[in-house]
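The values are calculated or read from the model by the stated rules, or taken from the named source; none is laboratory data. What you see is a predicted model, and the numbers here were worked out from it, not measured in a lab. Cβ placement follows ideal geometry from the backbone for every residue including glycine, while neighbour counts extend to all protein chains displayed. Accessible surface is based on the protein model in full, side chains and every heavy atom, while ligands, DNA and RNA are left aside. Shrake-Rupley method; radii C 1.70, N 1.55, O 1.52, S 1.80 Å.
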Amino acid sequence: MNRACVLVVIIVAAACTKSSEREPGDFERMRIQQRDEPYAASGRLAIDERMRHPPAGTMSRESEADSGAIGSGTSAGQPVTQVPLAVTPELLALGHEKFDVFCAVCHGAGGFGGSIVAANMGAPRPPSLRSAAVQALPPGFVFNIATKGIGRMPPYAPQLTARERWAVVAYLEQLQRSTSTSAEQREDSVRAIGIRGIDSTLAAEQQR
Amino acid sequence: MPALFPHWTNTLARATLIAVLCTLVGVPVALMAWVRTPNATRQYEPVAQPVAFDHRIHVTGQRIDCRYCHYSAERSSYAGIPPTSVCVPCHSTAWMSSDVLAPVRQSVSSGRPLRWNRVDALPGFVYFNHAIHVNKGVGCESCHGRVDRMAQVYQAAPLTMSWCVNCHRNPAPHLRPLSAITTMGYVSQRELGPQLAQKYHVRSLTTCTTCHR
């Protein structure tokens with residue numbers, strides 16, 4: 001009898017948790033579990049994040065350094081002069097999508113530098129990517145700008161994979177070759193049309 | 001000898017029985033109804049944040065795409081909150097010195113992340129994944145509502161199991177082309193749904209292990 005009682009007590013006690021781990025007013029429905037969520041604060045470690053940063057001096061196997069021209073945009077220390085991936089319609093479509101999300105914000109969907117943000121930013125303003133100076137830049141150089149940033153422009157390596165950055169470069173080259181009207185026609189997303197509208201007025205202003 | 005219980009106690013006994021039955025049925029039903037109300041699901045409740053970040057200014061005013069900031073939505077289970085380094089380039093030095101952005105400035109200079117308060121939260125026993133929804137044509141708006149009109153983000157959907165399963169039973173009418181994933185105020189086209197479902201190979205996932213694993 002006594003043993004049975006002890007057993008019952010042990011089994012029941014095993015289900016207990018500290019009251020601090022319970023959600024107040026909730027009947028322990030396992031809504032909060034003892035598991036680390038990404039982005040949560042650790043509360044224990046010196047850096048208050050649960051997601052760890054890679055240790056200093058290490059790099060991931062997919063990272064740039066060991067993957068040649070595609071990863072670094074340079075060959076023999078010089079920026080490559082051609083996109084090192086096959087420029088297919090799929091790659092251009094990917095580039096179009098990523099350009100509209102990540103570059104058009106500042107440089108405008110047409111690349112003229114006429115976005116609303118650019119107007120609000122103050123100097124140095126995001127320049128036009130359709131100018132002769134930028135058109136003369138080798139693709140490897142533009143790739144490196146997208147990877148590491150330049151001046152006030154932040155790096156986009158965390159947001160875009162190497163393939164996506166090359167897609168953006170390929171799309172930008174196509175954009176630079178096209179006239180602004182055909183770029184408008186290819187556009188289908190409502191938001192980018194809005195940006196392009198502002199862009200083309202700016203282009204018209206510049207021509208005047 | 002008069003009867004121990006007068007005649008009216010018969011009625012009382014019946015009434016009591018009915019009341020007990022009503023309580024037994026009514027209380028659980030009422031509780032079940034209550035957990036589905038916005039009061040219990042915290043729907044529509046704006047959440048105060050350490051920085052008065054306004055989606056209206058950034059999305060509608062500046063025409064910034066959702067993915068510019070929530071850039072892992074397309075490739076990971078978490079949409080993610082942007083690190084403060086994303087805010088800096090657009091906010092000129094004059095702005096950064098304003099009081100509103102003081103926590104952002106502190107975070108950038110100290111390297112400590114800013115602590116935003118969570119708005120949408122599922123219980124720990126539910127598995128959720130952004131990438132699969134976003135890549136199969138379910139737009140942000142379907143689950144988060146008109147974020148472009150929110151001064152402070154609030155939870156726009158009930159996030160109850162019935163809400164998830166309702167869409168999973170028949171996702172087709174909720175689908176949109178991938179180019180319109182982040183579009184706010186998208187007008188769905190009736191005929192397009194089934195076509196998109198076929199194009200993106202959308203299945204109807206209702207087994208328990210889809211979300212409880």
Does B:Ala30 satisfy being modelled with pLDDT of 90 or more, among the hydrophobic types (A, V, I, L, M, F, W, C) and touching a Phe, Trp or Tyr at 6+ places or on another chain (Cβ under 9 Å)? no
Closer than 30 Å to B:Ser76 by Cα and buried (at least 17 other Cβ atoms within 10 Å of the Cβ), is that true of A:Val134? no
So which residues in the stretch B:12-51 are away from chain A (no Cβ under 14 Å) and in contact with a helix residue (DSSP H, G or I) (Cβ under 6 Å, 6 or more places away or on another chain)? B:Tyr44, B:Val51
Cβ pairs under 7 Å, 6+ apart, first in the stretch A:133-144 and within 14 Å of A:Val168 (Cβ to Cβ), second in a loop (DSSP other than H, G, I, E, B) and open to solvent by less than 60 Å² (accessible area, probe 1.4 Å): A:Pro139/A:Val80; A:Pro139/A:Val83; A:Gly140/A:Gly73; A:Gly140/A:Val80; A:Phe143/A:Gly73; A:Asn144/A:Gly73
Can you tell me which residue among B:Val20, B:Val35, B:Val51 is β-branched (Val, Ile, Thr) and under 30 Å from A:Ile116 (Cα atoms)? B:Val51
Just the residues that are touching a residue at least 40 places away in the same chain (Cβ under 8 Å) and either open to solvent by less than 40 Å² (accessible area, probe 1.4 Å) or of a type in the set (Gly, Ala, Ser) (or both), please, taken from the stretch B:18-70. B:Thr41, B:Gln43, B:Val47, B:Ala48, B:Val51, B:Ala52, B:Asp54, B:His55, B:Val59, B:Asp65, B:Cys66, B:Arg67
Lone unmet requirement of (1) under 24 Å from the mean Cα position of the chain (by Cα); (2) among the aliphatic types (A, V, I, L, M); (3) within 12 Å of chain A (Cβ to nearest Cβ); (4) not in a loop (DSSP other than H, G, I, E, B) for B:Val108: (1)
Any chance you could count how many residues in the stretch A:86-107 are in contact (Cβ under 8 Å) with a residue 12 or more places away in the chain and among the polar types (S, T, N, Q)? 0
Residue pairs within 9 Å by beta carbon, gap of at least six or interchain, first lying in the stretch B:154-180 and without any contact (Cβ under 8 Å) to a residue 60 or more places away in the chain and surrounded by fewer than 18 Cβ atoms within 10 Å (Cβ to Cβ), second of a type in the set (Phe, Trp, Tyr) and not in a helix (DSSP H, G or I), listed first then second, are B:Leu178/B:Tyr200
